[in-house]
1. Given a Förster distance of 30 angstrom, what is the FRET efficiency for Arg43 paired with Thr4, based on the Cβ-Cβ distance and rounded to 0.05?
2. Between Ala60 and Ser36, what's the calculated FRET efficiency when r is the beta-carbon distance and R0 is 25 Å? Round to 0.05.
3. Size of the dipole of the chain about the Cα centre, Lys and Arg at +1 and Asp and Glu at -1 on the beta carbon, nothing else charged, in debye to 20?
4. Determine the sum of side-chain charges near Ala29: Lys and Arg each +1, Asp and Glu each -1, restricted to other residues whose C-beta is under 14 angstrom from that of Ala29.
5. At a 10 angstrom cut-off on C-beta neighbours, averaged per residue, how do the peptides 14-26, 44-56 rank from highest to lowest?
Amino acid sequence: MLGTRYAYVDRAIQVLDPVDEPIPYGHHALDWILASQLVRTLRAFTVIDVADLNDLAAAALPAQGGP
């Protein structure tokens, strides 16, 4: 995650330098960063034909009832 770092100093929130390198999820400083970008790693994917998108969308929608 990239973003702006904050800290609680002298009973006030202080803006620190921006994060230049991604910080992983679970990092101890993550609670004090306002994200500007989420950095993700693509681990798996499925190649589909664009023509199949209509069929996939239709299957995802509930059946429409009519009079």
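1. Using R0 = 30 Å, I get an efficiency of 0.60.
2. Efficiency, from the Cβ-Cβ distance: 0.20.
3. It works out to roughly 200 debye.
4. Summing Lys/Arg as +1 and Asp/Glu as -1 gives -3.
5. Highest-to-lowest ranking by the protection proxy: 14-26, 44-56.
Every read-out reported here was derived from the displayed coordinates using simple, explicitly stated rules and does not represent laboratory data. Model, not experiment: these values are computed from the prediction. Positions of Cβ are backbone-derived with ideal geometry, glycine not excepted, and every protein chain shown enters the neighbour counts.
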